[in-house]
Amino acid sequence: MEDESEGSLSPSQDSIQTPAVLPWDRFSNWLHCACVVTFDLELGQAMEIIYPSHIRMTEKEKMNICYLSFPDSNSGCMGDTQFHFRIRQCPGRKQIIKSHVEYNRECPIQLKSDDAHYYGFVFFRQTKDRSIRRGYFQKSVVLISRLPFVALFSQLVSIIAPEYFENGEPSLEAACHDIDQWGPPVPGETMNLPIFGTVLQVRIPTHKDKLVGAGQTRTQSVPTLPAQSILPSLFEVDIYTAFQTILPHVQMLWELMLTGEPLVVMAASPSVTSNTVQSLVSLISPFHYCSDYRPYFTIHDSEFKEYTTKTQAPPSVILGVTNPFFAKTLQHWPHIIRIGEMAGEASVPKGFNKLKKASSLKTLDCKPGVYTQYKPFLMKDKGILKRLIKGMQTKRPVEAQNAILRRHFLELTQSFMIPLERYMASLMPLQRNISPHKGPPSLRQFDVDEFVKTLHQSGPQLTSIVKGEWDGLYRKFFRSPNFEGWLYHRQYEVNQKLQVLHMEALCQANLLDWIQDKEEVEIVDLVLRIREKLKFATNNSVAVKPENINKLEKHMTTIISSLPEDLQSVLNT
Amino acid sequence: MSLREIKLCLLGDSGVGKSSIVLRFVRDQYKDHVESTIGASFMTKHLVVDDNTYVFQIWDTAGQEKYRALAPMYYRGASAAIVVYDVTRECSFPAVKDWVRELRHNVPGNMVVAIAGNKCDLTELREVRTEDAKQYAEDIDAIFTETSALTAENIKELFESIARRLPPEEIYRPNSGVYNIRKTDNPEKKRQCCSGSNKSS
Amino acid sequence: MAAGPYNYSYIFKYIIIGDMGVGKSCLLHQFTEKKFMADCPHTIGVEFGTRIIEVSGQKIKLQIWDTAGQERFRAVTRSYYRGAAGALMVYDITRRSTYNHLSSWLTDARNLTNPNTVIFLIGNKSDLEAQRDVTYEEAKQFADENGLMFLECSAKTGDNVEDAFLDTAKKIYQNIQDGSLDLNAAESGVQHKPATPRTTLNTDQQPSDKGCAC
């Protein structure tokens with residue numbers, strides 16, 4: 001085992017009592033709550049339990065969770081069904097999770113804690129039960145979180161729910177209590193998460209990881225204990241299974257995702273829609289998908305009207321739906337994916353390669369495929385397809401197919417990203433223009449036309465074999481929310497860096513000399529500026545060397561002591 | 001020198017001192033008022049016994065009746081179980097037998113079982129006679145010891161005995177049959193002498 | 001004009017004076033943060049706020065000193081008033097006593113600042129009309145009689161706050177332009193006398209390599 005502190009596996013606990021941790025603090029580092037949703041004969045879907053009991057949700061949030069915790073069409077889903085959904089958090093005063101602030105600084109951008117949405121991870125059970133009035137038992141256990149840890153939380157709910165169905169509330173209590181012993185998620189660390197007699201082991205990636213999204217292969221060694229379960233990933237989904245029936249079109253889908261096109265995924269089961277929608281979102285990793293996406297969406301959703309309106313162009317969102325009603329409602333959407341069952345395991349289905357026209361989609365009983373009139377900017381990379389089809393025929397394991405697919409799109413996305421990063425770097429002010437007494441210099445504005453000009457020399461063709469109209473693709477990307485989000489984030493990072501450099505310039509300046517001929521008001525101004533810098537360093541506690549902070553503090557003390565005494569006492573509070 | 005990870009589970013009635021035993025072993029602490037465990041608590045502890053390092057993964061289960069049905073999750077796959085009773089409460093002893101029965105029924109043969117009579121420092125309040133409990137433990141071929149989480153008496157020794165009693169690693173077969181609880185001349189039973197066997201991976 | 005070491009052309013020192021509880025800190029906060037501080041602890045010593053504004057195309061940094069109004073903090077008084085280009089004198093329109101003390105505050109201000117220091121009278125809490133204790137007219141008259149600019153403001157709603165700070169700056173700038181404020185008199189770098197307020201960073205005067213990270 002790694003060098004954990006003795007005692008509990010949570011790093012925050014040690015032999016000294018830590019009184020600052022309240023009950024449910026640690027639980028809330030991971031989950032917002034656990035719910036049980038049941039089918040009430042009078043009310044329809046209803047929230048039976050919310051745990052812990054002090055968690056408050058608005059009526060709207062509760063209603064959305066209730067509707068989204070059950071599959072639309074009951075007939076198809078006998079037995080156990082697992083899927084996940086995403087809903088909006090209602091605006092209002094929210095508890096700030098301190099560990100999430102620190103976590104968000106270090107984690108990969110696609111894994112940030114979402115402060116405007118909740119993810120719900122559902123385990124739905126439907127069985128025949130004569131003892132119940134309608135003859136059916138229907139219930140869901142749902143875990144709600146701000147963290148998009150799809151793989152982990154799906155695994156978690158699959159451990160907790162069966163026990164709950166067997167043993168009732170005490171198991172839910174015990175599970176939540178187990179989770180309340182977990183240490184907070186720390187990027188870069190491998191977490192050991194005890195639950196129900198087993199320990200889940202999973203590594204939290206950091207934004208510095210070179211291959212976030214390339215997927216880790218399962219470790220070969222078998223753990224010595226059945227009590228330990230190593231998760232290959234916190235968040236990766238099975239994209240190969242998701243796209244199996246539409247493999248030839250995945251590159252086109254990648255373009256659609258990159259440029260924020262509206263997309264609807266139709267399938268018979270929420271497991272399929274949620275896996276497919278999540279897979280689509282992960283296609284453009286390491287870009288953060290900035291528009292809304294709903295792995296499972298119903299007609300009862302509070303955003304139903306907003307997203308299905310015909311009076312405006314379809315919004316930039318991705319919807320996963322199972323209700324046949326949507327086939328008609330969303331007929332006007334430009335890109336529709338219909339996922340069906342695979343004909344036979346090893347065979348390639350008929351009509352695999354053809355794109356279908358949207359107009360031929362009448363009901364949900366249509367053939368699987370992609371319905372669109374979109375013309376991709378880039379030419380299809382046939383090599384990857386050949387490789388995957390061969391894998392299908394030779395029964396290559398799903399994990400391997402996943403690894404191949406993920407890596408391929410990661411590299412494609414990186415090829416797209418590299419010229420953007422290069423251009424970004426050219427917008428940085430020169431080191432020599434950083435002067436301690438002016439404010440920190442700012443980044444030059446991103447000029448789309450200027451960027452496109454650089455593509456000729458240093459575009460994606462340098463790192464990718466895919467040919468086509470890359471500049472057309474970029475221009476479309478620039479009009480999308482994904483670009484806005486990326487730019488905002490990068491600018492923020494760069495400006496932070498500039499603040500740090502500015503601070504260093506201030507440290508290195510000979511301030512004592514400088515103040516010799518300055519008016520009192522200028523010297524006070526300098527003291528105030530130094531104070532602001534120190535405050536910035538404390539609040540951001542990152543990338544500012546402690547020795548620089550000490551230097552600045554010393555400067556400040558010396559400068560103040562050079563002032564007249566009455567002013568000194570004023571400044572020394 | 002080997003390193004072995006051992007899943008270990010504590011079972012027994014509410015209030016006998018399971019959590020206190022764990023707290024004493026893991027952190028060498030004692031608290032007068034320990035909250036009733038919900039579900040289970042999880043802790044780990046390294047222990048060196050005869051040149052081998054053992055990492056105990058300890059699941060301290062709740063004694064309360066409402067969590068009874070959850071216990072299988074916690075003892076499933078465990079290499080050892082400590083069934084605890086309170087020497088000052090006779091009524092906590094029958095539960096020991098119930099637990100042992102359940103373990104023998106559900107768990108493969110190699111699990112090391114220890115019976116621990118806790119609170120042995122309270123000599124004037126004793127209700128369970130040492131000899132009776134000891135005899136029972138011998139009958140079922142389990143380790144027996146009386147402990148006190150308060151004074152720390154026999155706590156470390158308890159875990160040491162368990163470590164010594166563990167079968168050498170290659171014999172650990174999760175799917176072997178039901179353990180024979182009666183004393184027989186079964187030669188396999190005698191492998192308890194494999195103390196300190198050094199099968200490093 | 002900003003080729004000097006700063007990216008602003010001037011620094012104007014403001015002080016805010018007036019009785020305790022009239023809302024000096026809230027006015028400062030409203031101006032620098034554009035927010036109303038509902039729970040405002042009593043100021044201890046001096047607190048500072050800054051904001052860069054623009055007057056006639058020039059960027060000006062306002063360095064605003066906010067003090068507690070209590071008598072015992074008057075120990076720091078001299079340093080407080082010294083070099084002030086503008087003084088905002090605040091009373092509370094719902095408490096007459098704070099208005100009555102204005103003469104005393106004005107005397108201090110006149111004695112301890114430069115004759116050209118712009119003094120601006122602010123009647124704060126204009127949002128509490130129902131509790132008004134001082135009329136606009138009488139305060140206006142007092143202001144006119146004493147050559148003060150005047151506005152009723154509300155730190156809570158923000159009403160007129162920007163204007164008060166900005167109008168003061170405009171007046172100071174005007175004084176510089178029409179020569180009634182002699183910037184060069186500060187050249188001897190006196191820190192003990194009531195120096196000519198603000199300072200400028202005339203590029204010619206600053207040796208360009210001082211403090212620059214070139």
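Annotations for the structure displayed:
- Applying the criterion of being crowded, with 17+ Cβ neighbours inside 10 Å and aliphatic (A, V, I, L, M) to the residues of the range B:18-46, the residue that is farthest from the other protein chains (Cβ to nearest Cβ) is B:I21.
- The conditions of being in contact with a Phe, Trp or Tyr (Cβ under 7 Å, 6 or more places away or on another chain) and not charged (D, E, K, R) are not met by A:G485.
- Screening B:Y74 against (1) over 21 Å from B:I140 (Cβ atoms); (2) at the interface with chain A (Cβ under 10 Å from one of its Cβ atoms); (3) outside any loop (DSSP other than H, G, I, E, B) leaves a single unmet condition, (1).
- Consider the range C:42-67 and keep the residues that are modelled with pLDDT under 85 and within 11 Å of another protein chain (Cβ to nearest Cβ). The one that is farthest from the chain's Cα centre (by Cα) is C:I44.
- A:S99 vs. criteria within 30 Å of B:S36 (Cβ to Cβ) and in contact (Cβ under 8 Å) with a residue 60 or more places away in the chain: yes
Results for (1) over 19 Å from A:G472 (Cα atoms); (2) surrounded by 15 or more Cβ atoms within 10 Å (Cβ to Cβ), shown as yes or no for each residue.
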{"residue": "A:R406", "(1), (2)": "yes, yes"}
{"residue": "A:L410", "(1), (2)": "yes, yes"}
{"residue": "A:T413", "(1), (2)": "no, yes"}
{"residue": "A:L420", "(1), (2)": "no, yes"}
{"residue": "A:S426", "(1), (2)": "yes, no"}
{"residue": "A:Q431", "(1), (2)": "yes, no"}
{"residue": "A:H437", "(1), (2)": "yes, yes"}
{"residue": "A:P440", "(1), (2)": "yes, yes"}
{"residue": "A:L443", "(1), (2)": "yes, yes"}
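- Evaluation of C:A38 against (1) touching a strand residue (DSSP E or B) at 6+ places or on another chain (Cβ under 8 Å); (2) outside any helix (DSSP H, G or I); (3) at pLDDT below 85; (4) not hydroxyl-bearing (S, T, Y) (one fails), failing number: (1)
- Cβ-Cβ under 6 Å pairs, at least 6 apart or on other chains, the range A:225-247 side within 14 Å of chain B (Cβ to nearest Cβ), far side in a helix (DSSP H, G or I) and modelled with pLDDT under 85: none
- Looking only at residues in the range A:131-180 that are more than 24 Å from the chain's Cα centre (by Cα) and in a loop (DSSP other than H, G, I, E, B), the one that is nearest to the other protein chains (Cβ to nearest Cβ) is A:G168.
- Hits in the range A:428-454 (condition: free of Cβ contacts under 8 Å to residues at least 60 places away in the same chain and away from every other protein chain (no Cβ under 14 Å)): A:L443, A:R444, A:Q445, A:F446, A:D447, A:V448, A:D449, A:E450, A:F451, A:V452, A:K453, A:T454
- In the range A:257-271, the residues that are surrounded by fewer than 24 Cβ atoms within 10 Å (Cβ to Cβ) and in a helix (DSSP H, G or I): A:L258, A:S271
- Test result for B:R104, among the basic types (K, R), more than 8 Å from chain A (Cβ to nearest Cβ) and without any contact (Cβ under 8 Å) to a residue 24 or more places away in the chain: no
- Residue match in the range A:438-457 (condition: closer than 27 Å to A:P314 by Cβ and among the basic types (K, R)): no
- Any hit, the range A:538-552, residues being of a type in the set (S, T, Y) and within 42 Å of the chain's Cα centre (by Cα): yes
Residue-wise test of (1) closer than 30 Å to A:F325 by Cβ; (2) in a strand (DSSP E or B); (3) at pLDDT below 90.
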position	(1), (2), (3)
A:L31	no, no, no
A:E42	yes, no, yes
A:I50	yes, yes, no
A:D72	yes, no, yes
A:D80	yes, yes, no
A:G92	no, no, yes
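- Top-ranked residue in the range A:487-537 [being more than 30 Å from the chain's Cα centre (by Cα) and under 30 Å from A:L420 (Cβ atoms); ranked as nearest to the other protein chains (Cβ to nearest Cβ)]: A:A505
- Some residue of the range C:90-107 being touching a Lys or Arg at 6+ places or on another chain (Cβ under 8 Å) and within 13 Å of chain A (Cβ to nearest Cβ): no
- The residue of the range C:14-70 that is surrounded by the most Cβ atoms within 10 Å (Cβ to Cβ), among those that are of a type in the set (K, R) and in contact with a Ser or Thr (Cβ under 8 Å, 6 or more places away or on another chain), is C:K24.
- As a summary of the residue check, B:A62 satisfies the conditions (1) closer than 16 Å to B:G17 by Cβ; (2) more than 8 Å from every other protein chain (Cβ to nearest Cβ) except for the one numbered (2).
Each row is one residue, and each column tells you yes or no for (1) closer than 30 Å to A:K98 by Cβ; (2) without any contact (Cβ under 8 Å) to a residue 12 or more places away in the chain.
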position	(1), (2)
A:Q496	yes, no
A:A509	no, no
A:D513	no, yes
A:D517	no, yes
A:V521	no, yes
A:L528	yes, yes
A:K533	yes, no
A:N539	yes, yes
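The values are calculated or read from the model by the stated rules, or taken from the named source; none is laboratory data. This is a predicted model, so every value here is computed, not measured. Positions of Cβ are backbone-derived with ideal geometry, glycine not excepted, and every protein chain shown enters the neighbour counts.
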